[in-house]
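Report on one structure; see the data block that follows.
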Amino acid sequence: MRVLLVEDDRMIGEAVQAALLDAAYAVDWVRDGQMAIDACEIHHYDIVLLDLGLPKKDGLQVLHIVRARNDAVPVLVITARDAVESRIQGLDLGADDYVLKPFEMAELLARMRAVVRRKGGVAGPLLCNGTLSLDVAAKAVSVDGRTVPLSGREFALLHALMIRPGAILSRSELEDRMYGWGSEVESNAVEFIIHSLRKKLGNDAIKNVRGLGWLVPKHH
């Protein structure tokens, strides 16, 4: 899952970036509102973490511009505890949720998971395709009654496919979900990870559509 972190405070930004990388997210971190607007135009993000007090363009302006483009990317606003007006404005402008500073990383991660689930039309904490059941909080997948732990990269790739069973994702789309800016993308990384997932989950868990990409089948 690829995250855009928009935060001008270096200490907070470094702490959040480290925690997100530790939780197997790909992270791009920008420090002003204009860079956030540009990044959203160029890249596909699964969620944006948006601080409101930013240089160049503040968070509410960023939100307004992103939503005016009909970009439905989930946005989680990060705001000071006493900024009630800004929180209300943010929600009215199309933010999906907010978290108050100072926050615990565990709460931020839980709110991120909840927002992404809701955007995907899933109410519960599990992503299912009828055969596989992915627990996003535990980063583990259940298949045939057994629970299989996943590495960070395996989780990132399977999560991208499980959000929409039956939808084909190309190599570049999968790499986009797994790597942030400046990360070295290993050649054949996608094939290598799919190979290891098939060994754990069975050959039919992930299908290859020749020339197009990969999908997890949608079972009923």
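So which residues in the stretch 99-147 are under 16 Å from the mean Cα position of the chain (by Cα) and within 14 Å of Val75 (Cβ to Cβ), if there are any at all?
Matches in the stretch 99-147: Leu108, Arg111, Met112, Ala114, Val115, Val116, Arg118, Lys119.
Within the set of pairs 6 or more residues apart or between chains, which connect a residue that is open to solvent by 40 Å² or more (accessible area, probe 1.4 Å) inside the stretch 82-103 to a residue that is assigned to a strand (DSSP E or B) with Cβ atoms less than 6 Å apart?
The qualifying pairs are Asp96/Val75; Tyr98/Val77; Tyr98/Thr79; Lys101/Ala80.
Rundown of residues vs (1) closer than 26 Å to Ser172 by Cβ; (2) open to solvent by 10 Å² or more (accessible area, probe 1.4 Å); (3) touching a residue at least 60 places away in the same chain (Cβ under 8 Å); (4) not hydrophobic (A, V, I, L, M, F, W, C), yes/no style:
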| residue | (1), (2), (3), (4) |
| --- | --- |
| Asp9 | no, yes, no, yes |
| Ala26 | yes, no, yes, no |
| Val30 | yes, no, no, no |
| Asp46 | yes, yes, yes, yes |
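Please determine whether any residue of the stretch 194-204 is crowded, with 19+ Cβ neighbours inside 10 Å, closer than 22 Å to Ile47 by Cβ and not basic (Lys, Arg).
Among the residues of the stretch 194-204, not one is crowded, with 19+ Cβ neighbours inside 10 Å, closer than 22 Å to Ile47 by Cβ and not basic (Lys, Arg), which makes the answer no.
When you look at Ile37, is it out of contact with any strand residue (DSSP E or B) (no Cβ under 7 Å at 6 or more places or on another chain) and either open to solvent by less than 20 Å² (accessible area, probe 1.4 Å) or among the polar types (S, T, N, Q) (or both), yes or no?
So Ile37 fits the description; yes.
Does Val75 satisfy the criteria of being in the same structural domain as Glu107 (by the TED database) and either open to solvent by 60 Å² or more (accessible area, probe 1.4 Å) or touching a strand residue (DSSP E or B) at 6+ places or on another chain (Cβ under 6 Å) (or both)?
In short, yes.
Can you pull out the strands (runs of 3 or more DSSP E) entirely within the stretch 139-220 that have at least 2 residues that are closer than 19 Å to Val116 by Cα and of a type in the set (A, V, I, L, M)?
Filter on the stretch 139-220 gives 140-143.
For the stretch 154-161, check the following and say yes or no: at least one residue is over 29 Å from Glu14 (Cβ atoms), surrounded by 15 or more Cβ atoms within 10 Å (Cβ to Cβ), under 19 Å from the mean Cα position of the chain (by Cα) and not assigned by the TED database to the domain that holds Ile12.
There is at least one residue in the stretch 154-161 that is over 29 Å from Glu14 (Cβ atoms), surrounded by 15 or more Cβ atoms within 10 Å (Cβ to Cβ), under 19 Å from the mean Cα position of the chain (by Cα) and not assigned by the TED database to the domain that holds Ile12.
Name the pairs: first residue in the stretch 132-153 and open to solvent by 60 Å² or more (accessible area, probe 1.4 Å), second residue in a loop (DSSP other than H, G, I, E, B) and among the β-branched types (Val, Ile, Thr), Cβ to Cβ under 9 Å, at least 6 apart or on different chains?
Filtered contacts from the stretch 132-153: Asp144/Thr131.
The values are calculated or read from the model by the stated rules, or taken from the named source; none is laboratory data. Since the model is a prediction, treat every value here as computed from it, not as a measurement. Using ideal geometry, Cβ is built from the backbone for each residue, glycine included, and neighbour counts are taken over all protein chains shown. Surface areas here come from the heavy atoms of the whole protein model, side chains and all, with no ligands, DNA or RNA. Shrake-Rupley method; radii C 1.70, N 1.55, O 1.52, S 1.80 Å.
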